[in-house]
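A short worksheet on the structure shown next.
The values are calculated or read from the model by the stated rules, or taken from the named source; none is laboratory data. On a predicted model such as this, the values are computed, not experimentally measured, just so you know. Methodologically, a virtual Cβ is constructed for each residue, glycine included, from the backbone with ideal geometry; neighbour enumeration extends over all protein chains shown. Note: areas computed on protein heavy atoms with side chains; ligands, DNA, RNA excluded. Shrake-Rupley method; radii C 1.70, N 1.55, O 1.52, S 1.80 Å.
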Amino acid sequence: RKLPARAGTSTVEMALISPVLFLIIFGLLEISFGYMVHHLIQDAARQGCRAGIRYKSTNAAVLSTVNTLINAEHIKGATTTVLVNNVAADVSAAKTGDQITVKITVPASKVTFFPTTGYLKGNLTVLCTMRHD
């Protein structure tokens with residue numbers, strides 16, 4: 001005996017499974033991109049902090065270093081804050097041993113591939129702290 005033909009069953013199965021498959025794939029892409037941007041701004045904060053701990057450095061030097069790295073990666077909407085001993089101040093007034101902190105915040109909505117999915121929400125924030133030389 002020959003089994004009856006089931007034309008179209010694979011098409012129906014694919015139609016049922018494809019939204020879930022695409023949801024998972026887009027989610028993985030979105031979260032991976034978020035981690036990549038987090039790593040890039042973390043490196044920019046570290047480089048900015050290294051620029052800030054140098055002798056006779058200024059906030060302008062720190063911001064220039066951070067902005068150069070962030071702009072090279074085409075990250076938009078980043079906010080950079082320079083702190084000396086956890087207070088917003090100029091690093092040129094820092095003394096040896098003071099803590100220099102560079103804080104970078106990027107809204108997740110500025111680094112998302114798919115803004116309507118809602119995989120990334122809030123802000124991506126990094127801090128880097130080093131002692132002034």
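Flag: residue 103 matches the condition of being modelled with pLDDT of 95 or more and basic (Lys, Arg). I want to confirm something. Restricting to the stretch 100-114 and keeping residues that are closer than 28 Å to residue 90 by Cα and polar (S, T, N, Q), which single residue is surrounded by the most Cβ atoms within 10 Å (Cβ to Cβ)? By that ranking, first place goes to 101. Scanning the stretch 39-72 for residues that are assigned to a helix (DSSP H, G or I), open to solvent by 60 Å² or more (accessible area, probe 1.4 Å) and touching a residue at least 60 places away in the same chain (Cβ under 8 Å) yields 42, 46, 50.
For the stretch 4-21, the criterion of being under 25 Å from the mean Cα position of the chain (by Cα), surrounded by 10 or more Cβ atoms within 10 Å (Cβ to Cβ) and either farther than 24 Å from residue 131 by Cβ or of a type outside the set (Asp, Glu) (or both) is met by none of the residues. When each of 96, 117, 129 is tested for being in contact (Cβ under 8 Å) with a residue 12 or more places away in the chain, assigned to a loop (DSSP other than H, G, I, E, B), farther than 23 Å from residue 32 by Cβ and open to solvent by 30 Å² or more (accessible area, probe 1.4 Å), the lone residue that passes is 96.
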